[in-house]
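Novice: Input: one structure, supplied below.
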Amino acid sequence: MRLLGLHSPCAEGCRERWVKVFSKQGIVWWCITNHSTARTRYREWLVRMGVDVGGRMRRLDESCGELARWKDDLDEYLKRK
């Protein structure tokens, strides 16, 4: 939204520009280059700390309704408390 001028800059003098968004210093480049690293890291964490193995970490896939089910379950849990 800041790029479109709909929000003020996050800090004085910190103007976001389209050229920087797609440059090697921009967020898009950072996301693309770090995606596989983050995905691997979170997969490893899920194996060790997932709810399936007694941990508290859960991956929610919104495309198949897991997020909505989890929110409903959480609401039910909180109502019982």
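The values are calculated or read from the model by the stated rules, or taken from the named source; none is laboratory data. Quick caveat: nothing in here was measured; it's all calculated off a predicted structure. Using ideal geometry, Cβ is built from the backbone for each residue, glycine included, and neighbour counts are taken over all protein chains shown. Just the protein is used for accessible areas: all its heavy atoms, side chains included, with ligands, DNA and RNA removed. Shrake-Rupley method; radii C 1.70, N 1.55, O 1.52, S 1.80 Å.
Novice: For the chain, with only Lys/Arg (+1) and Asp/Glu (-1) charged at the beta-carbon, what is the dipole magnitude about the Cα centre, in debye rounded to 20?
Specialist: On the way: 17 positive and 11 negative charges, 60 e Å.
Value, rounded to 20: 300 debye.
Novice: Once the piece of chain linking ARG17 and SER63 is laid out straight, how much longer is it, given 0.36 nm per residue of separation minus the C-alpha distance between them? List each step's numbers first, then the result.
Specialist: Working: separation 46, 0.36 × 46 = 16.56 nm, distance 3.20 nm.
Working it through step by step, the gained length comes to 13.4 nm.
Novice: Among ARG39, ARG56, ARG69, which one shows the highest mean-square fluctuation when the chain is modelled as a Gaussian network with alpha-carbon springs under 10 Å?
Specialist: ARG69
Novice: On C-alpha positions alone, give me the angle between the axis of helix 27-49 and the longest principal axis of the chain, in degrees, nearest 10.
Specialist: Orientation of helix 27-49: about 20 degrees from the principal axis.
Novice: In the chain, with Lys and Arg counted as +1 and Asp and Glu as -1 at Cβ, which of these residues, CYS31, LEU6, LEU46, has the Cα nearest the positive end of the dipole, that is, farthest along it?
Specialist: CYS31
Novice: If I fit a long axis through the Cα atoms of helix 66-80 and take the longest principal axis of the Cα atoms of the chain, what angle between them do I get, 0 to 90°, rounded to 10?
Specialist: With both axes taken from Cα atoms, the answer is about 60 degrees.
Novice: Turning to a different aspect of this structure: To the nearest 500 deg cm²/dmol, what mean residue ellipticity at 222 nm is calculated for the chain from DSSP H runs of n ≥ 4 alone, each contributing -39,500 (n - 2.57), summed and divided by the residues? Intermediate values should be presented prior to the final figure.
Specialist: Values: 3 runs with 42 residues, N = 81.
One gets -16500 deg cm²/dmol as the mean residue ellipticity at 222 nm.
Novice: Once both labels are modelled 7 Å past Cα along the beta-carbon direction, what's the TRP70-ARG56 spacing in nm?
Specialist: 1.4 nm
Novice: State the extension gain, in nm to one decimal, for the chain segment bounded by VAL28 and ARG48, taking 0.36 nm per residue of separation less the distance between their alpha-carbons.
Specialist: Working: separation 20, 0.36 × 20 = 7.20 nm, distance 2.98 nm.
Difference between extended and current length: 4.2 nm.
Novice: Taking a probe of 1.4 Å, how large is the accessible area per residue of the chain, in Å²?
Specialist: Working: 7640 Å² over 81 residues.
Each residue of the chain exposes 94 Å² on average to a 1.4 Å probe.
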